[in-house]
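Every read-out reported here was derived from the displayed coordinates using simple, explicitly stated rules and does not represent laboratory data. Predicted model, so just to flag it, every value in this text is computed and none were measured. Every residue, glycine as well, gets a Cβ built from its backbone with ideal geometry; the counts of neighbours run over all protein chains shown.
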Amino acid sequence: MNEYLNQAISAMELRFSTRLEQFRGEFSLIVKPEFILSLLSAVRDEFQFELLMDVTAVDYFPQEKPRFHVVYQLYSMEHNLRLHVRALLDGNAPAIDSVETIYPSANWKEREVYDLFGISFNGHSDLRRIEMPADWVGHPLRKDYPLGYEEVQFTFNFDEIMKNKPQPKD
Amino acid sequence: MGVEQKTGNLGIVTAKLEQVVNWSRTGSMWPILFGLACCAIEMMGAQAANNDMSRFGMELNRASPRQSDLMFVAGRVSRKMAPVVRRLYDQMPAPKWVIAIGDCASCGGVFNNYAILQGVDEIIPVDIYIAGCPPRPEAIIHGVLTLHDKVRQERLKDWA
Amino acid sequence: MADIREVSVDELRHLVSERALTGETMLLNMGPQHPSTHGVLRLLLELDGEIVVNCIPDIGFLHTGIEKTIESKTYEKSEVLTDRQDYMNPLGNNLVYCLAVEKIAELDVPERAQVLRVILAELTRINSHLLWLGTSGLDLGAMSTFLYAMREREIILDIFELVSGQRMMTTYIRPGGLWRDVPEEFEKAVRDFLAIMPRRIQEYDDLLRFNEIFLDRTQGIGVISAADCLAYGLSGPVIRASGIAHDLRKKQPYSGYEQYDFDVAVQEGGDVYARYRVRLIEMTQSLRIIEQAMNRLPKGPVRSNNRKFVPPPRAEIGVSMEALIHHFKLWTEGFKPPAGHVYVVTESPRGELGCYMESDGSSKPYRVHMVTPSFVNLQALPLMARGLYIADLVAIIGSIDIVLGDADR
């Protein structure tokens, strides 16, 4: 592993008791959600990871504790290194601190995670839906949300499907 | 026979009113500028230099729906966009026609999920469907010419 | 299905300034259907006369649910959906998806496939920049560049059709290499293209570079500083036009880019004119890369031999039992990469395109998230547009080069 990255990861482990995982040459730090704000400001100020490339989430549905992993991708332009941080959240009313004050680019990304997964971000300046219409019910990318698949029309079920399909009122 | 020759020499032509009206409608059908996704790029390609749609009368794309006759729905229509499409269709004055370009506008295409309308004919009546993902510019022009054929068969009282 | 709602100023109170609440400034909708918004983008403008005080972008009109659909299809089938996400860069989307699959599954890619991937990715870059030149020139009033750019695009689309049978959504780059080898006419077609293109790019530059109207409308407009670029995480030509030489093809090279010799296009200024110059230089550099790649093209297979992931050729199925079984398993179930997650980035014509892929060991991806440059770059639009006229806003949107399929996925 790169020496500098090693230093950064050990410092984080010491301070926030993170866990390290490696896969195919990429390093991820697993952290508790309470520490995410302090971890990311430490990583930005002391170790120059200035760019937050992505905030996203993964849903492990039948598993309740933890159900969501919020994933942050960080990049340091000076040292050309990538770091991956994951925060584990439980299923009922998941909430985590917003990192918008540290990285302004997290604004829209956190809105997208809120829209598609239902994870709320405390302290976000403008938490509204971004991809789905404003009055949509439900959070589509959760694993218990259905795909909304329409059955393929063949000749044998053509009429049934045509009955249920909305037609334009002219 | 003799009468028509004589009037032809004088510069008078006789025809049914329907034929003249339909011919003029096909001669300069102005589309609304409404490209949504990938099919819009092929629509722009069909209007550009290599395949030129202005030779069929579609010289300009009007930005305002109130000044256009034809709506090309080019691309996938999502649930958020659907009321906008319907409102634009309602704002177009009659006579108006709709061509659904591509698979996503005709039937939902590759995307069979919560976010995409399975065909724009769920909200507006469509005259011509052009298949392809995206269809070649030649296919789009073929669709336009088929619409011209359809318009030539129309009766005056359809749009009266 | 949603209906159009009447939104009062109260709901947007936290976004607009106090002058809107008293009615001193006007709230105007630059709606999803607009000639200059390059797709379905809605901007809520707060205007003082014609000066933009604030601009609130509203996206989601092209949200396709690609990520959720990918979770219900196998790896090979869902690659078809990635083409249609950033529809000006379909091969680039395929490339980043396949790089992610190859990283998880540790698939090797033969040398010939790497070189061909580079050629096709650079052709797609030129394709995308030509369309950018055409449409943003059209917004500013330069109609001839639109027609010329589309003429060149037709040549590139003919090459794509030669290679894969489809003009735009080719799905030609597959995990392990390419779908099949390029035909013999490919070399001649690309070399003919390389012969005529430099002079054409020079022509476009000459048409616009000294045109007073163009210069007035682009110089000093939409300036964004380097510090703001970093804070907002922008990438691509936008950040290179503000003076930061950040190009992923040089910094974290993929698919053999470290073997090619090319310059990174950097300009100072951060305005619309600087971005214009950056993209023109990028087109010339892409031509350089394609030429080097064509000279270096080795012979050999174009797809990996790992039969657990790559289907065997048709001829082999008739003679070998293992080939038949592999074919059967790949077609009925799909391949199963090991469990884990990766994050792979490439340089698309718009910026940093990344793919976060998580696999749980089954034949369907557990979570695929495409990190798209248009979504990120659009966030900085209010910053660039404050205090300028609506006409300038049109020029700025064109210069950021957004594709709404990319932003909304």
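Normalised by 2.2 N^0.38 Å, with N the number of residues, the alpha-carbon radius of gyration of region B:11-160 equals 1.06.
What the Cα atoms of region B:1-94 give is an Rg and a Dmax of 18.8, 63 Å. Size check on chain C: the Cα extents along the three principal axes, sorted descending, read 80, 50, 33 Å. Could you give me D for region C:73-213, from Stokes-Einstein at 10 °C and 1.306 mPa s, where the hydrodynamic radius is the Kirkwood radius over C-alpha pairs? Units µm² s⁻¹, please. Here the translational diffusion coefficient equals 97 µm²/s.
Between the amide H of A:Phe49 and those of A:Arg44, distances stay under 5 Å, these residues lying 5 or more places away or on another chain, with hydrogens modeled in the peptide plane. Over region C:135-272, the Kirkwood radius and the radius of gyration, each from Cα atoms, give a ratio Rg/Rh of 1.02. The GluC sites (Glu not before Pro) found in region C:155-211 that occupy coil by DSSP, while having at most 13 further C-beta atoms within 10 Å, are C:Glu184. For region A:1-61, count all C-alpha to C-alpha pairs, find those more than 19 Å apart, and express that count as a whole percent of the total. Result for the distance tail: 32 percent. Working note: Debye formula, equal point scatterers on the alpha-carbon atoms of region B:70-139, no solvent; log10 I(q)/I(0) at q = 0.17 Å⁻¹ is -0.56. Note on region C:307-332 and region C:103-154: Cα centroid distance 34 Å, given to the nearest whole angstrom. In chain A, helices alone account for a calculated mean residue ellipticity at 222 nm of -8000 deg cm²/dmol, with every DSSP H run of four or more residues adding -39,500 (n - 2.57). Shielding of peptide B:122-129 by partners, expressed as the average count of other chain Cβ atoms within 10 Å per residue Cβ, is 2. By the compact-protein rule of thumb, 2.2 N^0.38 Å, the alpha-carbon radius of gyration of region C:103-160 corresponds to a ratio of 1.56.
Return the loop-located trypsin sites (Lys or Arg not before Pro) in region B:93-160 (DSSP other than H, G, I, E, B) with at most 10 other Cβ atoms within 10 Å of their own Cβ; answer none if there are none. Counting only loop positions with at most 10 other Cβ atoms within 10 Å, the trypsin sites (Lys or Arg not before Pro) in region B:93-160 are B:Arg155. Can you pull the Kirkwood radius for the protein assembly as shown, inverse mean 1/r over Cα pairs, to one decimal in Å? Value: 27.3 Å, from the Cα pair sum.
Run a plain Debye calculation on region A:82-140 (Cα atoms as equal point scatterers, no solvent) and give log10 I(q)/I(0) at q = 0.15, 0.25, 0.30 Å⁻¹, rounded to two decimals, same order as the q list. Reported log10 I(q)/I(0), two decimals: -0.45, -1.12, -1.35.
Taken residue by residue and averaged, Cβ atoms of other chains lying within 10 Å of the Cβ of A:53-62 number 5. Of all DSSP-defined beta bridges confined to region B:22-160, some 10% are antiparallel rather than parallel. Residue pairs exceeding 19 angstrom between C-alpha atoms, taken from A:Lys109/C:Lys77; A:Lys143/C:Lys68; A:Lys143/C:Lys308; A:Lys65/C:Lys68; C:Lys73/C:Lys329; A:Lys143/B:Lys80: A:Lys109/C:Lys77; A:Lys143/C:Lys308; A:Lys65/C:Lys68; A:Lys143/B:Lys80. Here's the picture: charge each Lys and Arg Cβ at +1 and each Asp and Glu Cβ at -1 in region C:187-295, and of C:Ala231, C:Phe214, C:Gly270 the one pushed furthest to the positive end of that dipole is C:Ala231. Under a 10 Å cutoff between Cα atoms, tell me which one of A:Gly25, A:Gly123, A:Gly91 has the largest fluctuation in the Gaussian network model of chain A. Between A:Gly25, A:Gly123, A:Gly91, it is A:Gly25 that shows the largest mean-square fluctuation. Normalised by the number of residues in chain C, the average gap of Cα pairs under 8 Å and 6 or more apart makes the relative contact order 25 percent.
Per residue of chain B, the DSSP helices (runs of n ≥ 4 H) give a summed -39500 (n - 2.57) that works out to -11500 deg cm²/dmol at 222 nm. Note on chain C: with a GNM built from Cα contacts shorter than 10 Å, the maximum mean-square fluctuation among C:Asn127, C:Asn29, C:Asn211 falls on C:Asn211. For region A:1-148, the direction-averaged projected area of the alpha-carbon convex hull comes to 9.3 nm².
Cut-off 10 angstrom, C-alpha nodes, Gaussian network model of chain A. Which of A:Glu160, A:Glu34, A:Glu131 fluctuates the most? Looking only at A:Glu160, A:Glu34, A:Glu131, the biggest GNM fluctuation is shown by A:Glu160. For chain C, adding -39500 (n - 2.57) for each run of n ≥ 4 DSSP H residues and dividing by the number of residues yields -15000 deg cm²/dmol at 222 nm.
The lysines within cross-link reach of C:Lys251, meaning a Cα-to-Cα straight distance under 21 Å and a gap of 8 or more places when in the same chain, are C:Lys103. Applying both filters, DSSP loop and at most 16 other Cβ atoms within 10 Å, to the trypsin sites (Lys or Arg not before Pro) of region C:179-259 gives C:Arg180.
Shape summary: region C:89-128 maps onto an equivalent ellipsoid whose semi-axes, from the alpha-carbon gyration tensor, are 20, 13, 4 Å in decreasing order. Working from Cα pairs under 8 Å separated by at least six residues, relative contact order for chain B is 23 percent.
Computed over region C:292-409, the percent of Cα pairs more than 19 Å apart is 68.
Once you treat every alpha carbon in region C:229-320 as an equal point and sum by Debye, what is log10 I(q)/I(0) at q = 0.11, 0.17 Å⁻¹? The calculated log intensity ratios at q = 0.11, 0.17 Å⁻¹ are -0.51, -0.81. Size descriptors for region B:100-160: radius of gyration and Dmax over Cα atoms are 13.6, 41 Å.
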